[in-house]
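Participant: The structure that follows is given in the form of structure tokens.
The values are calculated or read from the model by the stated rules, or taken from the named source; none is laboratory data. Since we're looking at a predicted model, the values are computed, not measured. Cβ placement follows ideal geometry from the backbone for every residue including glycine, while neighbour counts extend to all protein chains displayed.
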Amino acid sequence: MSKTSLRLLLVADSLHIGGAEQHVVSLASALVQRGYHVTIACSEKGFLAPLAERAGVVVRPLLDRLVKRRLSPQFAQELAKHLRQESYDLVHAHMYASDAACACALSGTTPPLVLTEHSEASWRSADEQRCSQWFYAKARHIIAVSKQIRKRLIEHDGVPSHRISVIMNTLLPGLEASGGVQQACPAMLAGKPLVGVVARLQPEKGIGYFIEAAAHVLRVIPHAHFLIIGDGQERHTLQEQAIALGVQEQVHFLGFRLDVRALMQGLDVVVVPSLSEGTPLVTLEAMAAGIPIVASAVGGIPEQVRHLQEGLLVPPADAQALGKALICLLHNPARLRKLGEAGRLRVAAHFQFGTMIEQTEAVYRTVLSVSPHIWEAGQASLSQMLPR
């Protein structure tokens, strides 16, 4: 079967802004360019949906509300209905809610299911981990975005190693909106040391440690400023933390932005203070822009950023170590430039988008060439996998 006749269904929780969501849209768009017929099914649309549609991807929202990080019977039912109405050669799911919905909606192994595991899943409860193991067993193949995630899938979740491929996230084509771009940095910050973090404001992103580290830095470099780019459930709590630490005048909450790449250009250092991660896109964005990184040594980050070569790695949940690393870099402009240039070269050499697409196509070819096989564990019903 030629790829020009292959029909692919990619499933994502939504097409709101986020690293995994951007990956899905970029992957789908590239596959269309390569001749595949691609549809993205999601619980609801988002900012990225028009970008996918302009690239020739069909977008099918199945619900009128967001389903994320939970098992949704209605999402699974609507997905099953869509699969009965449309014929696909392969289904590729991303994110927990979509993985679960696909595992419930697909019967047997037709069409085959591929999953991409984007995170270390530290937020999942024991029940959710059991669900994960169930849908891992239903998948014909799993793509892990880091070696660390592959290790977890084998050692903790019991996935056979031959059913896992490591395909690192790469620098994505620009997804920023045309129009609506805001002023990159407040004028009052021009010429001052600027440190930024780009993330959803949720617990595993470790933003509270970033704010605490800012307080450490400001004792030594009082004219420094800190930008928090992104929004989420923890925003109010984090703002209160900044006030409690007396750094509210130097820590700026910029909220959700459409012009992140332009905004990054004004930063001296990008910080990734996560408590758990896959292979975050923000590190690659920063490296491509020649900006040095200070990041937690978790997940796939050490596979992207090498300590003392493209940035500095510190233990997670250690605000003091994070603050010391920032002081070290901000006091040494020559080192900032050296690390930034090394990052630019590393992205160009090792994290190219075309390579990721070719590796993903190779997984599809392997899966579609394998004769149908019913995984014994994958036939257990979800009710059997959950505690009574």
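Participant: Is it the case, given these coordinates, that L312 is over 16 Å from the mean Cα position of the chain (by Cα), of a type outside the set (K, R), at pLDDT 95 or above and on the phi > 0 side of the Ramachandran plot?
Facilitator: It is false that L312 is over 16 Å from the mean Cα position of the chain (by Cα), of a type outside the set (K, R), at pLDDT 95 or above and on the phi > 0 side of the Ramachandran plot.
Participant: Which one is nearest to A334 (Cα to Cα), of the residues in region 261-282 that are β-branched (V, I, T) and touching a strand residue (DSSP E or B) at 6+ places or on another chain (Cβ under 6 Å)?
Facilitator: Taking the candidates together, the pick is V269.
Participant: For region 248-269, enumerate the residues that are free of Cβ contacts under 8 Å to residues at least 40 places away in the same chain and within 15 Å of L189 (Cα to Cα).
Facilitator: Q248, E249, Q250, F253, L254
Participant: Among the residues of region 17-29, is there at least one that is under 22 Å from the mean Cα position of the chain (by Cα), outside any helix (DSSP H, G or I) and within 22 Å of P280 (Cα to Cα)?
Facilitator: Within region 17-29 (the criterion being under 22 Å from the mean Cα position of the chain (by Cα), outside any helix (DSSP H, G or I) and within 22 Å of P280 (Cα to Cα)), the answer is yes, since at least one residue qualifies.
Participant: Can I ask one more? Pick from R70, R60, R65: which is over 30 Å from A362 (Cβ atoms) and either touching a residue at least 24 places away in the same chain (Cβ under 8 Å) or in contact with a His (Cβ under 8 Å, 6 or more places away or on another chain) (or both)?
Facilitator: Result of the check over R70, R60, R65: R70.
Participant: When only residues in region 82-108 that are among the charged types (D, E, K, R) and touching a residue at least 12 places away in the same chain (Cβ under 8 Å) count, which is surrounded by the most Cβ atoms within 10 Å (Cβ to Cβ)?
Facilitator: Taking the candidates together, the pick is D99.
Participant: Taking only region 321-370 into account, find how many residues are within 30 Å of R140 (Cα to Cα), surrounded by 18 or more Cβ atoms within 10 Å (Cβ to Cβ) and touching a Lys or Arg at 6+ places or on another chain (Cβ under 8 Å).
Facilitator: 2
Participant: Report yes if some residue within region 82-100 is of a type in the set (S, T, N, Q), more than 18 Å from the chain's Cα centre (by Cα) and within 19 Å of V367 (Cα to Cα); otherwise report no.
Facilitator: Yes, region 82-100 contains at least one residue that is of a type in the set (S, T, N, Q), more than 18 Å from the chain's Cα centre (by Cα) and within 19 Å of V367 (Cα to Cα).
So that you can scan it fast, the table gives a plain yes or no per residue for (1) modelled with pLDDT of 95 or more; (2) out of contact with any strand residue (DSSP E or B) (no Cβ under 8 Å at 6 or more places or on another chain):
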{"position": "G179", "(1), (2)": "no, yes"}
{"position": "A187", "(1), (2)": "no, yes"}
{"position": "A190", "(1), (2)": "no, yes"}
{"position": "A214", "(1), (2)": "yes, no"}
{"position": "L218", "(1), (2)": "yes, yes"}
{"position": "P222", "(1), (2)": "yes, yes"}
{"position": "Q239", "(1), (2)": "yes, no"}
{"position": "G246", "(1), (2)": "yes, yes"}
